[in-house]
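Structure below; questions to follow.
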Amino acid sequence: MPKIDLFTVPVRTGSSYPPPHDAAMAGRSQQRLGDAAGLTQFGANLVRLAPGAMSSLRHWHERQDEFLVVTQGALTLVDDHGETPLAPGDCCAFPAGDPNGHHIVNRSEADGAFVVVGTRTQQETGWYPDHDLKVEVADGDMRFLRRDGGEVTDP
């Protein structure tokens, strides 16, 4: 099945972030294209952002590369260097281990979308420079912790 039928790929909303960070993902949806096609070595997701939405909290990965290409709308990359406008066809790359916290936001009044491709690793640590938060992934299990390793508790 080389061609993926987008109408058959489930649309996921919500967030795996702990409260109150999960609320920041309102207006974001994604379709796991790589999973739908049976890919195992990397993930590929179609992410849609409603006006005012963001892709994620600003973050970076220790072991996983990320690459994205904008497919729709006027979006903005926010990273440690500032803000960069993005249009359809624009690409961004985030090498593993580069501590440049990044995310994509939609500051326009129209929907936007991008495809993001990333490495799949058994273990991963992700960092959130704007929050006292990190994520540890081990064999598919995800744990959010404080940067010092302490447990995250609801506010």
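The values are calculated or read from the model by the stated rules, or taken from the named source; none is laboratory data. Note that this is a predicted model, so its numbers are computed, not measured. In this analysis, Cβ positions are derived from the backbone assuming ideal geometry, glycine residues included, and neighbour counts consider all displayed protein chains.
Within the range 110-155, how many residues turn out to be aromatic (Phe, Trp, Tyr) and without any contact (Cβ under 8 Å) to a residue 40 or more places away in the chain?
0
What is the one condition in (1) modelled with pLDDT of 95 or more; (2) at positive phi that Asp139 does not satisfy?
Condition not satisfied by Asp139: (1).
Any residue at all in the range 124-143 that's surrounded by 18 or more Cβ atoms within 10 Å (Cβ to Cβ), among the polar types (S, T, N, Q) and over 15 Å from His21 (Cα atoms)?
no
Could you say which residue among Arg28, Arg58, Arg12, Arg32 is closer than 18 Å to Val135 by Cα and either surrounded by fewer than 13 Cβ atoms within 10 Å (Cβ to Cβ) or charged (D, E, K, R) (or both)?
The conditions single out Arg58.
Something else now. State which residue is modelled with the highest pLDDT when the search covers only the range 5-40 and only residues that are among the polar types (S, T, N, Q) and touching a helix residue (DSSP H, G or I) at 6+ places or on another chain (Cβ under 7 Å).
Gln31
Cβ contacts < 9 Å: first residue in contact (Cβ under 8 Å) with a residue 24 or more places away in the chain and of a type in the set (Ser, Thr, Tyr), restricted to the range 36-61; second residue buried (at least 19 other Cβ atoms within 10 Å of the Cβ) and part of a loop (DSSP other than H, G, I, E, B), any location; separation 6+ or different chain. Result?
Ser55/Asn106; Ser56/Tyr17
Residues that are more than 17 Å from Met25 (Cα to Cα): which strands (runs of 3 or more DSSP E) entirely in the range 58-155 hold 1 or more of them?
66-72, 75-79, 82-86, 91-94, 112-119, 123-128, 133-138, 141-145
Something else now. Consider Leu77 carefully, then state whether it is within 21 Å of Arg147 (Cβ to Cβ) and surrounded by 13 or more Cβ atoms within 10 Å (Cβ to Cβ).
no
The rows are residues; the columns are (1) more than 15 Å from the chain's Cα centre (by Cα); (2) within 17 Å of Arg120 (Cβ to Cβ); (3) basic (Lys, Arg).
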site: Pro10; (1), (2), (3): yes, no, no
site: Gly14; (1), (2), (3): no, no, no
site: Tyr17; (1), (2), (3): no, no, no
site: Arg28; (1), (2), (3): no, no, yes
site: Gly43; (1), (2), (3): no, yes, no
site: Leu49; (1), (2), (3): no, no, no
site: Gly52; (1), (2), (3): yes, no, no
site: Ser55; (1), (2), (3): no, no, no
site: Arg58; (1), (2), (3): no, no, yes
